[in-house]
């Protein structure tokens, strides 16, 4: 486990797959993108592989190479346009965030390439904005996750030491970013990555979902 000299004072939480279920938005974006460019429709499993492969910078399966750029243009535009309607907070996540915000300052740290203002709007729509001191997106740094730059910036905004922080997310990029600066890493199984994929990255803790986190925070100092 990462070295810590004090209690946890800052918690960096991912958005998609961690506090909101965005799976339907991913599927809808893939459906519309395939329809627009005229490629064969993807099944649900293949559609949910797209954001994973994008994050890992792997070739997209099921999309002709010549059409990938057009597909991604439509896909990302559709995802951001429909994510508020198609996504939903995970069950009882508001209760978990309330408990966490009573223990530490919270920052939302997302790989979405949209403004923090746009993400904050979604948080307000879901009634979750009041729990976060700071919102950071991939537009706030030239090097998004898995680079740790966004975590460093978030710690500065929270006015806490990185050594007193943890990062919580559903993807391997969250783990890699956290490990790069020595913060505690917590993975949740509520997103797109499997337990096996996360285990290989050796996070400090793996939980089924973020609702389990409040009772663990005090033991992760």
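Computed from the coordinates by the stated procedures, all read-outs in this text should not be read as laboratory data. Because the structure is a prediction, the values reported are computed rather than measured. Glycine also receives a Cβ, built like all others from the backbone with ideal geometry; neighbour counts cover every protein chain displayed.
If you average the alpha carbon positions of the stretch 65-143 and of the stretch 190-205, how far apart do those two centres end up, in angstrom?
Centre-to-centre distance over Cα atoms comes out at 20 Å.
Assuming 1.002 mPa s and 20 °C, estimate D for the chain with Stokes-Einstein, Rh taken as the Kirkwood radius over Cα pairs, in µm²/s.
On the way: Rh = 17.6 Å.
D = 122 µm²/s.
Could you list 19, 175, 114 so that the one with the fewest beta carbons within 10 Å of its beta carbon is first and the one with the most is last?
The order, fewest Cβ neighbours first, is 114, 175, 19.
Would you kindly calculate the translational diffusion coefficient of the stretch 23-86, applying Stokes-Einstein with the Kirkwood radius from alpha carbon pairs, for 20 °C and a viscosity of 1.002 mPa s, and quote it in µm² s⁻¹ without decimals? Let's see the in-between values first.
Details: Rh = 11.4 Å.
The estimated diffusion coefficient comes to 188 µm²/s.
Can you tell me how much longer the chain between residue 65 and residue 99 gets when fully stretched, taken as 0.36 nm per residue apart minus their C-alpha distance, in nm with one decimal?
Gain in length upon complete extension: 7.6 nm.
Using only the Cα atoms of the stretch 71-187, what semi-axes does the equivalent ellipsoid have when each is the square root of 5 times a gyration tensor eigenvalue? Give whole Å, largest first.
They are 23, 19, 13 Å, listed from largest to smallest.
If R₀ is 22 angstrom, what is the calculated FRET efficiency for the pair residue 73 and residue 194, using the beta carbon separation as r and rounding to 0.05?
0.15
Can you compute the FRET efficiency between residue 31 and residue 159 using 1/(1 + (r/R0)^6), with r the Cβ-Cβ distance and R0 = 35 Å? Round to the nearest 0.05.
0.20
If you look at just the Cα atoms of the stretch 134-216, how large are its Rg and its Dmax in Å?
In Å, with Rg to one decimal and Dmax whole: 12.4, 35.
Could you order peptides 82-91, 163-172, 131-140 by the average number of other Cβ atoms within 10 Å of their residues, highest first?
Packing order, densest peptide first, comes out as 163-172, 131-140, 82-91.
How large are Rg and Dmax for the stretch 14-121 when only the alpha carbon atoms are used, in Å?
15.5, 50
Counting only helical runs of four or more DSSP H residues, what would the 222 nm mean residue ellipticity of the chain come to if each run contributes -39,500 (n - 2.57) and the total is spread over all its residues?
-13000 deg cm²/dmol
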